[in-house]
Amino acid sequence: MSYTHLSIIERSKLEILHQQGKSARAIASELGRHHATICRELRRNETQKPYCAERSQESYVQRRKSSVPAGKWTPQQSVLIEEKLHATWSPEQIVERLRQEGHPVVCFKTIYRWLYTGRLVKGVLAVLRHKGKRQKPVETRGKFAVGKTISQRPKEVRSRKTFGHWELDTVVSGRGKSKGCVATFIERKTRLYTAVPMPDRTALSMEIAFGVVASQYPDGAFQTATADRGKEFACYASLEEAHGLQVYFADPYSSWQRGSNENANGLLREFFPKGTDFAQITDEALETALRLINHRPRKCLGWRTAHESFSEELSHLA
């Protein structure tokens, strides 16, 4: 049987029996308690002459209040955590990055608990990301005679040990909206993610968008590109000739072969949900979303950010 503290009723009986001159063992027998429990209770309140049940209960309540641990929550720590939550970091990303920087940290589950109890951001759960399950998209675009398939891609690309290998895709506006969309690019090793607005999902628009991204980085930053079989990538031969890279195509209905890009597109959808008209999205809004995504610490990068990892790789090309 588990131990329980003395109740006010038991203390009242103890007071009466003690006043009658009963020994600790006799009182314990009457109350169905161990004699050591009675001895500790009398010794703990020995300043009371005679023993008083009411005052003993009050002392007990005060001791219980002071025995509750203060916990690890502090106003200073909450400010730091809330800052990262508003920067779209997950609780696990916050904890691991702070640990690497030498800050005192708590378990990421504790951050969730503080959120649910209203101790952080007033309990506004909208700061948390991924909500609900994702539905597998259905391919509705036209097709064309693709070039090299993903089975022909060098094995080192899959291992992510070399730099300069990208995955490409498009994220489109909602049904019934404009033809506006964004071309998305992610570097496989560093997970740097970028996007360029396009007026429509055509091969010419994709060729222009690719040129915009490639012009921002030095030679060697683009070695291969892996895309799906959408018609916007019918320009692959022009891309190979103009930028000196090799373009590979994933197998039909095999989005997992471009998992990094699919995942990053999901992160972008957190800022621009399904139904968004990308023709109405400003360059500043898109840039802000990309900055937040690329400045989150990533578990797969040892809790470094994609921006930090990409910058380091670019320094090796200089």
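The values are calculated or read from the model by the stated rules, or taken from the named source; none is laboratory data. All figures in this text were calculated on a predicted structure; none of them were measured in a lab. Glycine gets a Cβ as well: all are built from the backbone with ideal geometry, and neighbour counts include every protein chain shown.
Within the stretch 38-89, which residues are assigned to a loop (DSSP other than H, G, I, E, B), surrounded by 10 or more Cβ atoms within 10 Å (Cβ to Cβ) and without any contact (Cβ under 8 Å) to a residue 40 or more places away in the chain?
Pass one, the stretch 38-89, residues assigned to a loop (DSSP other than H, G, I, E, B): 45-52, 68-74, 87-89.
Going one step further and asking which of them are surrounded by 10 or more Cβ atoms within 10 Å (Cβ to Cβ), we end up with 45, 48, 51-52, 71-74, 87-89.
Selection gives Asn45, Gln48, Tyr51, Cys52, Gly71, Lys72, Thr74.
So which strands (runs of 3 or more DSSP E) stay within the stretch 164-224 end to end and still have 3 or more residues that are among the polar types (S, T, N, Q) and within 21 Å of Phe271 (Cα to Cα)?
Values: elements: 165-172, 181-187, 193-198.
Ranges flagged: none.
Consider His35 against the criteria (1) farther than 25 Å from Cys107 by Cα; (2) in contact (Cβ under 8 Å) with a residue 12 or more places away in the chain: it satisfies all of them except one. Which criterion is unmet?
(2) is the only condition that His35 fails.
Could you tell me whether any residue of the stretch 241-260 is part of a helix (DSSP H, G or I) and among the aromatic types (Phe, Trp, Tyr)?
Applying the first criterion (part of a helix (DSSP H, G or I)) to the stretch 241-260 yields 241-243, 255-260.
Now restrict to residues that are among the aromatic types (Phe, Trp, Tyr): 256.
Yes, the stretch 241-260 contains at least one residue that is part of a helix (DSSP H, G or I) and among the aromatic types (Phe, Trp, Tyr).
Does Thr305 count as crowded, with 18+ Cβ neighbours inside 10 Å and closer than 27 Å to Gln100 by Cα?
Working: crowded, with 18+ Cβ neighbours inside 10 Å: yes; closer than 27 Å to Gln100 by Cα: yes.
Taking the combined requirement at face value, the residue satisfies it.
If Thr202 satisfies all but one of (1) surrounded by fewer than 20 Cβ atoms within 10 Å (Cβ to Cβ); (2) within 29 Å of the chain's Cα centre (by Cα); (3) of a type in the set (Ser, Thr, Tyr), what's the number of the condition it fails?
(2)
Going through the stretch 131-170 one residue at a time, which ones are at positive phi and at pLDDT below 90?
Answer for the stretch 131-170, where residues must be at positive phi and at pLDDT below 90: just Gly132.
Listed here are the residues, each with its yes/no results for (1) on the phi > 0 side of the Ramachandran plot; (2) more than 21 Å from the chain's Cα centre (by Cα); (3) surrounded by fewer than 21 Cβ atoms within 10 Å (Cβ to Cβ).
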site	(1), (2), (3)
Ser238	no, yes, yes
Ala242	no, yes, yes
Phe249	no, yes, no
Ser255	no, yes, yes
Asn263	no, no, yes
Gly266	no, no, yes
Arg269	no, no, yes
Thr276	no, yes, yes
His295	no, no, yes
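Considering every residue within the stretch 192-208, establish whether at least one is within 19 Å of Phe310 (Cβ to Cβ), touching a residue at least 40 places away in the same chain (Cβ under 8 Å) and not hydrophobic (A, V, I, L, M, F, W, C).
Of the residues in the stretch 192-208, the ones within 19 Å of Phe310 (Cβ to Cβ) are 192-196.
Imposing the further condition that a residue be touching a residue at least 40 places away in the same chain (Cβ under 8 Å) reduces the set to 192-195.
After this cut, where a residue has to be not hydrophobic (A, V, I, L, M, F, W, C) as well, the list is 193-194.
Yes, that holds for at least one residue.
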